[in-house]
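Read-outs throughout are calculated quantities, based only on the coordinates presented, and are distinct from any laboratory measurement. Not measured: the values here are computed from a predicted model. Cβ atoms come from the backbone with ideal geometry, glycine included; neighbour counts cover every protein chain shown.
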Amino acid sequence: MYRRTFSKSFAVSAALSVLPSVAKTDDPPVALPIVDTHQHLWDLNRFKLAWLKKAPAILNRTYLTKDYLHAIRGLHINQCVYMEVDLDVSQQRDEAAYVIAISKDRDYPTVGGVISGRCDSHGFAAYIRSYQGSPYIKGVRHILEAAEPGLCLQPQFVKSVQLQDKSG
């Protein structure tokens with residue numbers, strides 16, 4: 001199922017669940033606002049995404065906020081959270097800057113984001129601390145799908161995860 005289909009189905013289901021209470025009034029039903037918690041955007045002129053080489057052709061293009069806004073038209077999505085796109089590690093700070101910029105801009109529905117992070121890196125502590133206290137950085141994600149088995153049990157990885165718990 002595609003996200004748009006799911007979002008429409010969810011919106012309809014959510015609306016139907018409140019109809020009995022709405023039906024008792026003369027007021028027209030109001031669509032419930034939706035927060036999309038997994039928004040992916042990427043600009044191939046700006047970011048390198050190696051995984052796109054093996055991805056279906058439909059994904060191998062730039063997806064900007066204008067594309068997102070077109071896709072969600074009429075779905076009552078009023079906020080979204082950017083989700084990192086597994087870009088080249090050298091571009092992680094640029095991705096974070098991008099997320100912060102679009103989250104500050106009230107013309108965009110994005111209110112914050114989960115940025116890329118490599119918890120197995122010795123530089124992870126300095127990297128993640130630089131975003132401590134930012135209202136726009138909501139979390140960090142380390143993709144484990146292609147990682148070596150047991151990576152998340154390695155001392156550096158565990159230390160990085162523990163650091164996040166303490167950084168609050």
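Computed values, structure above
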| quantity | calculated |
| --- | --- |
| Of the GluC sites (Glu not before Pro) in the stretch 67-148, those whose Cβ has at most 11 other Cβ within 10 Å and which sit in DSSP loop | Glu145 |
| Amide H contacts of Val140 (H built 1.01 Å from N, under 5 Å, at least 5 apart or other chain) | Ile115 |
| Surrounding net charge for Ala101, when Lys and Arg each add one and Asp and Glu each subtract one, Cβ distance under 13 Å | -1 |
| Total charge dipole magnitude, the stretch 33-167, about the Cα centre, Cβ charges on Lys, Arg, Asp, Glu only, Debye to nearest 20 | 140 debye |
| Packing-based exposure ordering (other Cβ within 10 Å, fewest first) of Lys104, Lys53 | Lys53, Lys104 |
| Estimated FRET transfer efficiency (Ser121, Thr62; beta-carbon r; R0 25 Å; 0.05) | 0.35 |
| Unsatisfied cross-links (Cα-Cα over 27 Å) in the set Lys66/Lys138; Lys138/Lys159; Lys48/Lys104; Lys54/Lys138; Lys104/Lys159 | Lys54/Lys138; Lys104/Lys159 |
| Cut-off under 5 Å, modelled amide H: who pairs with Thr110 long-range | Cys80 |
| Computed lengthening from Ser134 to Ala101, 0.36 nm per intervening residue step minus Cα-Cα distance | 10.7 nm |
| Intensity falloff of the stretch 33-167 expressed as log10 I(q)/I(0), Debye formula with alpha-carbon point scatterers, at q = 0.11, 0.15 Å⁻¹ | -0.43, -0.78 |
| Centroid-to-centroid separation of the stretch 139-159 and the stretch 70-87 [C-alpha atoms, Å] | 26 Å |
| Point-to-point label distance, Trp51-Ser90, nm (Cα→Cβ direction, 7 Å offset) | 2.0 nm |
